[in-house]
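The values are calculated or read from the model by the stated rules, or taken from the named source; none is laboratory data. Here the structure is a predicted model, which is why all the values come from computation and not from measurement. Cβ coordinates were reconstructed from backbone atoms using ideal geometry, including for glycine residues, and neighbour counts include every protein chain displayed. The area values use the complete protein model at the heavy-atom level, side chains included, leaving out ligands, DNA and RNA. Shrake-Rupley method; radii C 1.70, N 1.55, O 1.52, S 1.80 Å.
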Amino acid sequence: MTYQGLIRRYGRLLDLPAHTQIISLLEGATPLIPMPRLGRELGCELFVKFEGLNPTGSFKDRGMTAAVSEAVGRDAQTVICASTGNTAASAAAYAARAGLRAIVLIPEGKVAAGKLAGAIAYGAEVIQIQGSFDDALSLVVEITQKTPIALVNSINPYRIEGQKTSAFEICDELGAAPDWLCLPVGNAGNITSYWAGFKQYQKGLPQILGVQAQGAAPLVLGHPVEKPETLATAICIGKPARGEQALDAARESDGRIIAVSDEKILEAQRLLAAEGVWAEPASAAGAAGLLAESAAGTLDARGKRVVVVCTGHGMKDPAVIADSFQAPKVISASYEALTETIQY
Ligand SMILES: *Cc1c(COP(=O)(O)O)cnc(C)c1O
């Protein structure tokens, strides 16, 4: 049978109300890509779950198909979200698909170009807030309490339901849960979903390594961060809505939540790209955490099966590459100039 999207594939395992009316862009079914070279360095069997290959370029589509399907089923006309970028693009696409109005609030100047462009391309009304993601989230919570506008941030329980499916897919692909699952943590919806998904699927449980950026690490510090700062904009969040659940997932799984520097995130982004997987900076945080813990000897991956979740595509944030590398050389359009330049 041809693939018909997450809800048709796993709907029986998702707690969605009967009124749900499926809106799908055939999200999910993303590849679990073996990373033999990086794996050899760490002595483990390493895979990347490449969530950047979802329809709008991030894992947010898994939750969005569920949230928008539910909203459409109860006749919502408008959806709203606060976003660091990927939720905005995803909400915009699924709202467009359903014929709904989409409003997205983003922190001024803190959203990567590819994400903003996506939200606009799909026809969302994009509003910049003079404040942080956390400020934007407070505003959308308030307006959805006072009006019939549907909230599609990950405090919407159907987002969590939809996002569980990635854990199901990993178990189906490997035959069992991996030993370790490493992923970035921002607002902490995704780590909550994975843990719920693995527990429900009963194919074993991974230890979970959640990774925050050093400048936005409330779960490591144990208190909110008023002014979060990191070039990994998708996880630039100072007050995670599901922080408690993230800490529970880490503790129950015998894993942990750590912080890594932006420098280590960029290094991990380069290492992944060097093996053919280009993830946006936040998406490389899981790999950065695994590398840091392995180097410190605090996580022994040797002989283990490890899945690193790359949550969004590198094309979302082209500026970070352009900023950290020199512009390509310019040469005359001659054969001699070419052979001289590449010294061949
Ligand atoms: C949203 C997002 C995250 C963080 O996920 P949370 O559920 O907020 O923890 C990480 N990476 C990317 C690319 C994202 O879009």
Computed over the stretch 212-344, the ratio Rg/Rh where both radii use C-alpha atoms and Rh is Kirkwood: 1.11
Using θ = phi - 60° and Karplus 6.51 cos²θ - 1.76 cosθ + 1.60, couplings along the stretch 331-344 (whole Hz; Gly, Pro as x): 10, 5, 7, 10, 4, 4, 4, 5, 5, 5, 5, 8, 6, 10
Projected-area mean, the stretch 132-241, by convex hull of Cα positions, square nanometres: 7.6
Distance between modelled label sites at residue 226 and residue 120, nm, 7 Å Cα→Cβ extension: 3.3
Interatomic Cα distance distribution for the stretch 16-109, bins of 5 angstrom, percent: 3, 14, 20, 18, 15, 10, 8, 6, 5, 2, 0
222 nm mean residue ellipticity, helices alone, for the chain (DSSP H n ≥ 4; -39,500 (n - 2.57); rounded to 500): -12000 deg cm²/dmol
Gain in span if fully extended, residue 130 to residue 200, counting 0.36 nm per residue against the direct Cα distance: 21.2 nm
Average projection area in nm² (convex hull over Cα atoms of the stretch 60-156, one quarter of hull surface): 5.2
Residues with amide H under 5 Å from that of residue 257, placed H, sequence gap 5 or more: 210
For the chain, fraction of C-alpha pairs farther apart than 32 Å, in %: 27
Whole-percent carbon and sulfur share, accessible surface of the chain, 1.4 Å: 52
Dipole of the chain [Lys/Arg +1, Asp/Glu -1 at C-beta], most positive-end residue of 332, 261, 81: 81
Estimated vicinal HN-Hα couplings, Hz - the stretch 172-189 in sequence order (Karplus 6.51, -1.76, 1.60; Gly, Pro = x): 4, 6, 8, x, 6, 5, x, 6, 10, 10, 10, 8, x, 10, x, 7, 6, x
Mean Cα-pair separation over length for the stretch 60-156, i.e. relative contact order, pairs under 8 Å, 6 or more apart, %: 34
Potential extension, residue 319-residue 332 segment - 0.36 nm per residue separation minus Cα distance: 2.0 nm
